[in-house]
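Contents: one structure, followed by commentary.
The values are calculated or read from the model by the stated rules, or taken from the named source; none is laboratory data. Model, not experiment: these values are computed from the prediction. Virtual Cβ from ideal backbone geometry, glycine too; neighbours counted across all protein chains shown. Note: areas computed on protein heavy atoms with side chains; ligands, DNA, RNA excluded. Shrake-Rupley method; radii C 1.70, N 1.55, O 1.52, S 1.80 Å.
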Amino acid sequence: MIGLLSALLGSAASAIPPEPPVATVGVPIASSSHGLSGQRLVSWMPGPVRCENGEVASVVEGRRPYNTLWSGRGSEPPAMSFDFAIDATGRPVSITRTSPSHSNHGSGAAAMVSSRFAANAALDGCSITYRPVMRPIEEAEPVELVSYVMTGQTPRLSREAYDRLHADDECRAGTQPILRAYPNFDQIPATPGVRDWTAIGFDVKPSGETSNVRHLYGTGNEPLDGAAEEAVETSRFNEGPMRHNCSYRYWRNAAVLPAPPAPPRGADWSDPCEALEWDRAPQLVFREAYRSRSIEGWADIAYDVAPWGEIGNVRILRAEPIDDFGEAAKRMIERSSKQEGQAITGCETRVFYRMEGNAASARDSESS
């Protein structure tokens, strides 16, 4: 029996960081060259947000989809487009995909869900398109390459790309940490729906002490940046020659981004199937694109039951903050069955996708 279904996922979820804010990253230049490795880095650039009254919505926190790699085989990735509304708090809701689905759609959808707009009058009929901008991996900006690494994307970057990232790093060979310090992550605020990360540059003295510690780039979480710099200042390495242009990276996992509130049931609401036991119970699966960003959602699903227990006519009544939660819940109910009994129509259940506790636990990310 399920009047309500919930997916509870623990704080060990490996949340994935966004790429650096658009304001701090130079826009890549499109190129037709494949470069030495044959890989091209794809950065997804958002267009303006236009709503039904012709107003261009003001973006407060715009999240880009994760950078991806294109190997030069198959079709180049198409643009990703979404329709949505903006509620009075500036949150995008009722999001639907309007472009063909492809491998990076989940990343694009999660970026849309975690974006924020100016909090003023609610807006309807809004739309946005993320367009791919491609450049040879050897020409991509280091911050964009690090962003790709920090999201845990596959395939791995080419050896040429890693060599380029660490071309001047004199700590790559022969330098070992004697003491690796870490920030107190529990005291660093986490961002709902976004994993923050920071890259710290430093030099190592012959004594093994660090010097010239500086922030290189990251997602703009200033407390994380400061705590990471302090951690690197405290770290110690083996004695040796003076070493320059070393680097290390830390991350802070996303805080839970709760779903928009589900509307209350009417006083006379009832589910005619509530008393029927499940023969094959629903198995709720939390999509990785949302689990990795600690994004919650819900969906109301209606269905009918045949006398032999088969479930049919499954339909999505509503879903928030994006229709992906409705599609996932619909597939779950379709794969389930009730015990044999009588035919019933108009069954309805509300399915919640929830993270358990605070999913903002943190880990050092240099080894990723």
Notebook entry, point to check: Of all residues in region 274-302, which are over 29 Å from Val256 (Cβ atoms), in a strand (DSSP E or B) and not basic (Lys, Arg)?
Noted result: Asp279
Check: For Ala140, all conditions in the list (1) open to solvent by 60 Å² or more (accessible area, probe 1.4 Å); (2) in contact with a Leu (Cβ under 8 Å, 6 or more places away or on another chain); (3) among the aliphatic types (A, V, I, L, M) hold save one; what is the number of the exception?
Finding: (1)
Next item on the list: Working only within region 95-115, note down all residues that are open to solvent by less than 60 Å² (accessible area, probe 1.4 Å) and farther than 15 Å from Arg293 by Cα.
Entry: Ile95, Thr96, Ser99, His102
Checklist line | Residues of region 269-311 satisfying the condition of being more than 33 Å from the chain's Cα centre (by Cα), exposed (fewer than 13 other Cβ atoms within 10 Å of the Cβ) and more than 16 Å from Arg350 (Cβ to Cβ) | finding: Ala275, Glu277, Pro307, Trp308
Next item on the list: Give region 39-64 a look and list any residue that's open to solvent by 30 Å² or more (accessible area, probe 1.4 Å) and within 18 Å of Ala122 (Cβ to Cβ), or say none.
Entry: Arg50, Glu52, Asn53, Gly54, Glu55, Val56, Ser58, Val59, Val60, Glu61
Check: So how many residues does region 156-176 have that are open to solvent by 60 Å² or more (accessible area, probe 1.4 Å) and in contact with a Phe, Trp or Tyr (Cβ under 9 Å, 6 or more places away or on another chain)?
Finding: 2
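Do any strands (runs of 3 or more DSSP E) lying entirely in region 156-269 carry at least 1 residues that are under 30 Å from Val42 (Cβ atoms) and not basic (Lys, Arg), and which ones are they?
By residue number, 196-204, 210-218, 243-252.
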